[in-house]
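**Q** What follows is a structure written as structure tokens; I'll ask about it next.
Please treat every number below as a calculation from the coordinates, not as lab data. Please read these numbers as outputs of a predicted model, since none were measured by experiment. Virtual Cβ from ideal backbone geometry, glycine too; neighbours counted across all protein chains shown.
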Amino acid sequence: MGASTVSDVVGDKGELIYQGYNIHDLAKHSTFEEVAFLLWNKRLPTQAELDELNSLLADSYAVPKEVFDVMRHLPRDADPIDVLRTAVSALESYDATARDLSVGNSRKVAIKLTAQFATLVAASERIRNGKDPIDPLPNANIATNFLYMLKGEKPSDHDAKLFDACLILHADHELNASTFTARVVAGTLASVYAAVVGAIGALSGPLHGGANTNVMKTLLDIGEVDNVETYVKQALIEKRKMMGFGHAVYKTEDPRATHLRQFSKEMGERVGDTKWYDMSRKVEEVMMREKGLYPNVDFFSASTYYMMGIPLDLYTPIFAVSRITGWTAHVLEQYADNKLIRPRADYVGPRNVPYFPIDQR
Ligand SMILES: CC(C)(COP(=O)(O)OP(=O)(O)OC[C@H]1O[C@@H](n2cnc3c(N)ncnc32)[C@H](O)[C@@H]1OP(=O)(O)O)[C@@H](O)C(=O)NCCC(=O)NCCS
């Protein structure tokens, strides 16, 4: 695959960098909006540039009411990640510039989609509960606005800050399955929307972004810290995968998990019950002892979101609310120096098979 400056995963060292910056520095000191700017522009913004981006984002949350109508027509029990994919597909039809792949317009679309993803995911939760979507707050960042549009009340500063860091941690991850998909679609010179719709499809699988929801289902299934040992050992005997463990690239701790473990602990202390954190730690201990596997980004994000009162099936769409920045950064990079991505298959089938008409088979 071609060169990229967007991010790098150094699997043996457990390092993740975005455009040269270590994820630990960004998670501790930056904001999601600054990171979005960094991914798209290869450098951190000045204050004036950040102000401009924030104002463009603030102007971009609104989605055409017809897109909400499309969402209202979907079954109430539709999976929110599928609702998001359908809504983004519909959005393209209401953007007359969608086929303009120039740098200037593609950046505008990237900013617009980043704000609109927050709107769409929050609205999908309200619509399926028979409620109307809520307009965003003026002068609030994406983390605050997402939680506000989801729940109808302003989040505490603590929760908004913690959620902002979660968005930073999920923003990009080199050529993971969904980003690769986005680049393949963009490589045909299809629109940013088309690339992003493909990426959402790839993200939805349980081996990728779908893992976080399944982590929480597993924790709920286990029920108590005392059940962890037996449950995990039995799962491993039955060759069932424990979601949130293992990684195709990291051979040591996923650096994102280091922060999310702390967030899960903090949320437990805030809600006055560290049960989900304690259970997660025990699962981590047993998985390390039995399989030598480390938790990945999805493991501690699950209990963190659960304790923030977020419904389980929104965890994967929330991943997309963040990853839209990385997907679009890669799409911009792909357009800037495009070449069709066309791998060859390692053909292992037969050749020269004689053909018989259907009535002779
Ligand atoms: C992420 C993942 C797809 C990486 O896969 P991979 O590097 O190709 O590793 P494999 O699936 O080939 O697994 C290698 C070995 O570890 C085991 N393993 C890997 N992840 C495991 C898990 N989460 N639970 C139990 N065993 C696991 C496999 O069973 C296999 O064991 P074996 O050699 O005894 O057959 C894989 O670890 C996984 O499915 N994890 C769970 C899903 C998940 O959390 N996805 C989010 C990723 S950020």
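**Q** Within region 288-299, which residues are in contact with a Gly (Cβ under 8 Å, 6 or more places away or on another chain) and buried (at least 22 other Cβ atoms within 10 Å of the Cβ)?
**A** P295, N296, D298, F299 - these are the residues of region 288-299 that are in contact with a Gly (Cβ under 8 Å, 6 or more places away or on another chain) and buried (at least 22 other Cβ atoms within 10 Å of the Cβ).
**Q** Can we say D221 is surrounded by fewer than 21 Cβ atoms within 10 Å (Cβ to Cβ) and either within 14 Å of the ligand (Cβ to nearest atom) or under 15 Å from L312 (Cβ atoms) (or both)? Working first, answer last.
**A** Values: surrounded by fewer than 21 Cβ atoms within 10 Å (Cβ to Cβ): yes; either within 14 Å of the ligand (Cβ to nearest atom) or under 15 Å from L312 (Cβ atoms) (or both): yes.
The answer is yes for D221.
**Q** Another one. Could you tell me whether any residue of region 280-290 is over 30 Å from V103 (Cβ atoms) and within 22 Å of the chain's Cα centre (by Cα)?
**A** Just the residues of region 280-290 that are over 30 Å from V103 (Cβ atoms), to begin with: 280-290.
Those left that are additionally within 22 Å of the chain's Cα centre (by Cα): 280.
Taking every residue of region 280-290 in turn, at least one turns out to be over 30 Å from V103 (Cβ atoms) and within 22 Å of the chain's Cα centre (by Cα).
**Q** Out of (1) closer than 18 Å to A140 by Cα; (2) of a type outside the set (F, W, Y); (3) touching a strand residue (DSSP E or B) at 6+ places or on another chain (Cβ under 9 Å), the odd one out for I23 is which?
**A** (1)
**Q** Sticking with this one: I want to confirm something. Restricting to region 224-234 and keeping residues that are within 13 Å of the ligand (Cβ to nearest atom) and over 30 Å from V10 (Cβ atoms), which single residue is surrounded by the most Cβ atoms within 10 Å (Cβ to Cβ)? If you could, list the steps in order and put the result at the bottom.
**A** Residues of region 224-234 within 13 Å of the ligand (Cβ to nearest atom): 231-234.
Those left that are additionally over 30 Å from V10 (Cβ atoms): 231, 233-234.
Numbers: Y231: 21, K233: 13, Q234: 10.
Checking each candidate, the answer is Y231.
**Q** Could you please give the count of residues in region 288-313 that are more than 8 Å from the ligand (Cβ to nearest atom) and assigned to a loop (DSSP other than H, G, I, E, B)?
**A** To start, the set of residues in region 288-313 that are more than 8 Å from the ligand (Cβ to nearest atom) comprises 288-290, 292, 294-295, 300-313.
This time we only want the ones that are assigned to a loop (DSSP other than H, G, I, E, B), so: 292, 294, 308-311.
The total comes to 6.
**Q** Could I ask something else about it? Kindly provide the set of residues from region 5-33 that are crowded, with 19+ Cβ neighbours inside 10 Å and either within 18 Å of the chain's Cα centre (by Cα) or among the hydrophobic types (A, V, I, L, M, F, W, C) (or both), ordered by number.
**A** Result: V6, S7, V9, L16, I17, Y18, I23, L26, A27, T31, F32, E33.
**Q** Right, something else. Output the number of residues of region 132-186 satisfying the condition of being crowded, with 21+ Cβ neighbours inside 10 Å, part of a loop (DSSP other than H, G, I, E, B) and touching a strand residue (DSSP E or B) at 6+ places or on another chain (Cβ under 8 Å).
**A** 2
**Q** Condition first: buried (at least 17 other Cβ atoms within 10 Å of the Cβ) and under 24 Å from the mean Cα position of the chain (by Cα). Now tell me which residues in region 235-248 satisfy that. I'd like the intermediate steps shown before the answer.
**A** Narrowing region 235-248 to residues buried (at least 17 other Cβ atoms within 10 Å of the Cβ): 235, 242-247.
Residues satisfying the conditions are M242, M243, G244, F245, G246, H247.
**Q** Within region 80-105, can you find the residues that are hydrophobic (A, V, I, L, M, F, W, C), more than 12 Å from V70 (Cα to Cα) and out of contact with any Gly (no Cβ under 9 Å at 6 or more places or on another chain)? Full working, then the answer.
**A** First pass over region 80-105, keeping only residues hydrophobic (A, V, I, L, M, F, W, C): 81, 83-84, 87-88, 90-91, 96, 98, 101, 103.
Okay, now just the ones that are also more than 12 Å from V70 (Cα to Cα), so 81, 96, 98, 101, 103.
Across region 80-105, the qualifying residues are A96, A98, L101, V103.
**Q** Given the condition hydroxyl-bearing (S, T, Y), surrounded by fewer than 22 Cβ atoms within 10 Å (Cβ to Cβ) and within 16 Å of the ligand (Cβ to nearest atom), answer yes or no: does some residue in region 264-287 qualify?
**A** There is no residue in region 264-287 that is hydroxyl-bearing (S, T, Y), surrounded by fewer than 22 Cβ atoms within 10 Å (Cβ to Cβ) and within 16 Å of the ligand (Cβ to nearest atom).
**Q** Taking N214 as the residue in question, decide whether it is over 27 Å from D157 (Cβ atoms) and away from the ligand (no atom under 16 Å from the Cβ).
**A** Working: over 27 Å from D157 (Cβ atoms): yes; away from the ligand (no atom under 16 Å from the Cβ): no.
No, not satisfied.
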